[in-house]
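The structure under discussion appears below in the form of structure tokens.
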There are 2 protein chains.
Amino acid sequence: MMAAIDSIVNELARRNITPSHQRVMIMKYLVENQCHPTVDQIFSALRQQIPTLSKATVYNTLNVLAEAQLVRVLSIEDNETRYDITTETHGHFKCSSCGRIYNFAVDVDRFVSGELRDFRITEKNVYFSGICPTCLGKAEKEKRR
Amino acid sequence: MMAAIDSIVNELARRNITPSHQRVMIMKYLVENQCHPTVDQIFSALRQQIPTLSKATVYNTLNVLAEAQLVRVLSIEDNETRYDITTETHGHFKCSSCGRIYNFAVDVDRFVSGELRDFRITEKNVYFSGICPTCLGKAEKEKRR
DNA sequence: TTCTAAGCTTAGAATCATTATAATTTCATT
DNA sequence: AATGAAATTATAATGATTCTAAGCTTAGAA
């Protein structure tokens, strides 16, 4: 899936964000790699296409995009900020074994208790962790030996 | 509310954790300050009672307690690990204005979608953020001026 | 096409949260 | 009281993130 540069540029321009080459490439990366990458993953990957890319630029750009609500900042674990181009509320499951992050549908509003009635909620996150089916399957195979 | 040192010592001993003075005081702090404190908050507060307390000890102790499931590690935002003595699943709401964290009841099990059927879930976290009623009230008062 | 001012990027320093280390102290048992 | 294991300590080290100042890029005006 190739992200249209044009639509990215338009999206940024609509929010008064200068669509510099670096910013466009960072967004393109997020669209094409919806695996909740870390700054380091984004930086390392794009370094090959933009050899002079600075890590500070990646941090700066992600902060700008987060402020514009174009990306969502995930704090599933400390010391590991991740980014998600899908901004609609959904759950994240992190496998403790392989580290992979899975999305899952979540109807958060259905179980919010009345306690938060008088709160203005601007962001909702649901994080689960445990073992994914792939790693569970591996464990089962290990057991049978 | 004064936490019984005896029950803390017993709780640690039951899990084969040496109930050293520092560990007991850290747990006591968490029981008496259920405000999801950070390491720095715990360290600063206890420094007055244990002048030689080392920050590394606080980190070590919290990690040991987390592994023993006596405390829960919260990653509501990056660069801000917090700790909770209440280990049953409940939600956390962080006010973007005052920074306070509120607990709220959450029936997470009721809405886990079929997508996670084959996953082994070991931990569930629900984090919301926004503005709390106190800060909303202040904002309203500001508006009326 | 050139100029301009504002904003962006860069490279590396700085900051900060957290972990590692080795020496010392404390703990629980004998 | 002695002992060995574990914990604490003080500080260095690590790694994520932010800051900084200089230079570059951008978009639009001239």
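For a modelled paramagnetic label at A:N79, 7 Å from Cα along Cα-to-Cβ, the residues of the stretch B:53-94 in reach, with backbone nitrogen under 17 Å, are B:55-67, B:73-83.
DSSP finds beta bridges in the stretch B:42-145, and of those with both partners inside it, around 60 percent are antiparallel. Shape verdict for the stretch A:27-73, please, from the Cα gyration tensor: rounded (a/c under 1.5), prolate (a/b greater than b/c) or oblate. Judged from the Cα gyration tensor, the stretch A:27-73 comes out oblate (a/c at least 1.5, b/c at or above a/b).
Compute the signed sum of charges (Lys and Arg +1, Asp and Glu -1) over the other residues within less than 14 Å, Cβ to Cβ, of A:I50.
Net charge around A:I50: +4.
Using a simple spin-label model with pseudo-atoms 7 Å out from Cα toward Cβ, A:T38 and B:S20 lie 2.9 nm apart.
Quick one: compute the contact order of the stretch A:1-86, relative version, from alpha carbon pairs under 8 angstrom and 6+ residues apart, as a percent.
It comes to 28 percent, rounded to a whole number.
Rounded to the nearest Å, what's the spacing between the alpha carbon centres of the stretch A:59-76 and the stretch B:1-55? Just the number, please. So the two Cα centres are separated by 36 Å. Give me the lysines in straight-line cross-link reach of A:K28: C-alpha distance below 26 Å, same-chain residues under 8 apart excluded. Counting by Cα, and skipping residues close in sequence, A:K28 has these lysines nearby: A:K55, A:K94, A:K124.
Structural descriptor for the stretch A:1-50: relative contact order 36 percent, calculated from alpha carbon pairs under 8 angstrom and at least 6 residues apart.
Legend: translational diffusion of the protein assembly as shown by Stokes-Einstein, Rh = Kirkwood radius over C-alpha pairs, 37 °C, 0.692 mPa s; D = 152 µm²/s. Local charge for B:V73 was computed over the other residues whose Cβ lies under 12 Å away, with Lys and Arg +1 and Asp and Glu -1, and equals -4.
Summary value for chain A: 17 percent relative contact order, contacts being C-alpha pairs under 8 angstrom separated by 6+ residues.
In sequence order, the stretch A:51-59 has phi-based couplings of x, 8, 4, 9, 5, 4, 5, 4, 4 Hz under the Karplus curve 6.51 cos²θ - 1.76 cosθ + 1.60, θ = phi - 60°, and Gly or Pro positions carry x. Relative to the globular-protein estimate of 2.2 N^0.38 Å, the Cα radius of gyration of the stretch B:1-85 stands at 1.01. Among B:S20, B:S97, the order of accessible area from largest down is B:S97, B:S20, computed with a 1.4 Å probe on protein heavy atoms. Helical runs (DSSP H, four residues minimum) scored at -39500 (n - 2.57) apiece and divided by the length of the protein assembly as shown put the mean residue ellipticity at 222 nm at -12000 deg cm²/dmol.
Beyond 29 Å, how much of the Cα-Cα pair distribution for chain A remains, as a whole percent?
Roughly 29 percent, once rounded to a whole number.
Accessible surface ranking for A:Y83, A:Y29, 1.4 angstrom probe, highest first: A:Y29, A:Y83. DSSP bridge analysis restricted to the protein assembly as shown gives an antiparallel fraction near 75%, rounded to the nearest 5. Which net charge results when you count Lys and Arg as +1 and Asp and Glu as -1 among the other residues whose beta-carbon is under 13 Å from that of A:E88? Every neighbour counted, the sum reads -2. Against the empirical curve 2.2 N^0.38 Å, the C-alpha radius of gyration of the stretch B:50-92 lands at a ratio of 1.27. Cα convex hull, the stretch B:88-145: 103 Å³ per residue, rounded to a whole number.
The values are calculated or read from the model by the stated rules, or taken from the named source; none is laboratory data. Every value quoted in this text rests on a predicted model; they were computed, and no experiment measured them. As a convention, Cβ positions derive from the backbone with ideal geometry for all residues, glycine included, and neighbour counts pool all protein chains shown. When the accessible area is computed, the model is the full protein with side chains, heavy atoms only, and any ligands, DNA or RNA have been set aside. Shrake-Rupley method; radii C 1.70, N 1.55, O 1.52, S 1.80 Å.
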